[in-house]
1. Using the structure shown, decide if Leu155 is closer than 19 Å to Thr244 by Cα, open to solvent by 70 Å² or more (accessible area, probe 1.4 Å) and at pLDDT below 90.
2. Out of (1) among the β-branched types (Val, Ile, Thr); (2) over 30 Å from Gly178 (Cβ atoms); (3) under 24 Å from the mean Cα position of the chain (by Cα), the odd one out for Val98 is which?
3. Is there any pair with a first residue in the stretch 49-64 that is on the phi > 0 side of the Ramachandran plot and a second that is assigned to a helix (DSSP H, G or I) and of a type outside the set (Ser, Thr, Tyr) whose Cβ atoms are under 7 Å apart and which are 6 or more apart or on different chains, and what are they?
4. Of all the helices (runs of 4 or more DSSP H) wholly in the stretch 1-89, which have at least 3 residues that are modelled with pLDDT under 80 and either over 29 Å from Asn295 (Cβ atoms) or of a type in the set (Ser, Thr, Tyr) (or both)?
5. Pick from Ala112, Ala177: which is closer than 16 Å to Gly265 by Cβ and either in contact with a helix residue (DSSP H, G or I) (Cβ under 8 Å, 6 or more places away or on another chain) or open to solvent by 30 Å² or more (accessible area, probe 1.4 Å) (or both)?
6. Give me the residue from the stretch 298-312 that is over 11 Å from Leu235 (Cα atoms) and modelled with pLDDT under 75 and, out of that set, most open to solvent (accessible area, probe 1.4 Å).
7. Count, please, the residues in the stretch 198-218 that happen to be open to solvent by less than 40 Å² (accessible area, probe 1.4 Å) and either more than 17 Å from Ile123 (Cα to Cα) or in contact (Cβ under 8 Å) with a residue 12 or more places away in the chain (or both).
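The values are calculated or read from the model by the stated rules, or taken from the named source; none is laboratory data. Remember, predicted model here, so these are calculated numbers, not experimental data. Backbone-built Cβ (ideal geometry, glycine too); neighbour counts: all protein chains shown. The accessibility values were calculated without ligands, DNA or RNA, using every heavy atom of the protein model including side chains. Shrake-Rupley method; radii C 1.70, N 1.55, O 1.52, S 1.80 Å.
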Amino acid sequence: MSRPYAVYALQRVAQAVVVVLLAYVFTFLVISVLPGDPVSSTLRDPQNNFTEAEVDRIIAYYGLDQPVWVQLWESLSRFLTGDLGVSLRSNLPVTRLVGDVLGSTLLLAASALVVALVLAFAIAYGTRNLPAPAARVLRAFPSLFLSVPNFVIGLLLINIFAFQLGVLQVTDSEGLAGTFFAAVALGIPVSAQVAEVLIANLDHEARQEYATFATSRGLRRSQLFWRHLLKPSSLPVVTVIALTVGELLGGALITETIFGRTGIGSLVQRSVTTQDLPVLQAVVALSAVTFVVVNLVVDLVYPLLDPRVDLRGATRRLRPVAEEVTA
């Protein structure tokens with residue numbers, strides 16, 4: 001490992017830690033300034049069956065009888081040790097509640113990412129290898145995908161494949177078919193961003209001298225695509241994929257609700273309904289950590305893939321490629 005890369009890596013790790021802590025503090029402060037006292041109202045709600053001893057224990061645990069800055073410090077201290085608190089609704093550890101549903105959401109997000117990548121690369125391949133009229137039609141697909149929200153796509157898929165064709169069983173949302181159609185609904189809008197960047201980079205690379213020389217030697221368009229254009233055009237896609245993680249997580253919450261899946265989305269829905277603030281805060285913190293970690297991994301891997309990256313400035317890693325593409 002070279003010294004410039006080691007310095008760059010340490011800077012990126014330090015920035016990631018600061019971003020996670022700021023996201024957690026911001027979430028805590030936003031919840032603290034909300035009107036009303038949902039914590040006390042939840043604990044005192046007779047439907048939740050908390051005894052006075054349990055209410056006193058939870059108030060002491062969260063320091064609800066202390067100033068806000070004391071609550072913030074104690075909450076931040078627990079967060080740094082992996083303690084996300086106790087649910088005000090079920091009186092169970094938040095880590096257990098999140099852990100029970102996290103796997104389903106990660107499976108859906110990963111499946112949606114695979115769908116998005118396959119679709120984006122298929123569109124990009126078609127724009128370079130199909131006849132001009134069909135290629136022009138394909139170039140309009142990313143804009144079309146971006147203009148249609150994932151919940152609309154999900155409702156269309158359920159209507160067609162569940163009620164019209166009977167392929168999808170709405171009562172088996174956790175099965176293979178349910179996961180596939182939910183991933184398609186979530187992945188289609190995400191594929192638009194990847195396809196846009198990939199098509200732009202393919203057009204840029206196709207205008208380079210090496211591509212013109214390869215074409216003059218009689219190389220077919222498909223051979224030029226696979227041998228010369230795809231690799232250099234795919235590098236910026238890595239960064240785009242990292243930026244879509246937030247969209248995947250946010251879209252997963254809506255998609256899970258539409259398809260009736262158990263996951264972070266259903267947990268958030270229940271927590272909002274019951275004003276279970278520790279669970280909501282944990283989900284926001286988890287989303288921030290996931291987004292930051294994925295972007296950190298991309299930032300650390302990208303200089304290893306592209307030696308043109310300037311390591312002297314952490315924020316300048318994509319500038320050469322981005323400027324070339326948009327030029």
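1. Working: closer than 19 Å to Thr244 by Cα: no; open to solvent by 70 Å² or more (accessible area, probe 1.4 Å): yes; at pLDDT below 90: yes.
So Leu155 fails the test.
2. The number of the failed condition is (2).
3. Going by the 7 Å Cβ cut-off, the qualifying pairs are Gly63/Val70; Gly63/Gln71; Gly63/Glu74.
4. On the way: elements: 3-32, 38-43, 52-62, 68-80.
Counting at least 3 such residues, we get 38-43, 52-62.
5. Numbers: Ala177 fails: closer than 16 Å to Gly265 by Cβ.
Selected residue: Ala112, the only one of Ala112, Ala177 that is closer than 16 Å to Gly265 by Cβ and either in contact with a helix residue (DSSP H, G or I) (Cβ under 8 Å, 6 or more places away or on another chain) or open to solvent by 30 Å² or more (accessible area, probe 1.4 Å) (or both).
6. Ranking the qualifying residues of the stretch 298-312, first place goes to Arg312.
7. Going through the stretch 198-218, the residues open to solvent by less than 40 Å² (accessible area, probe 1.4 Å) turn out to be 198-206, 211, 214.
Retained after the next criterion (residues that are either more than 17 Å from Ile123 (Cα to Cα) or in contact (Cβ under 8 Å) with a residue 12 or more places away in the chain (or both)): 198-202, 204-206, 211, 214.
Residues that pass the stated criteria total 10.
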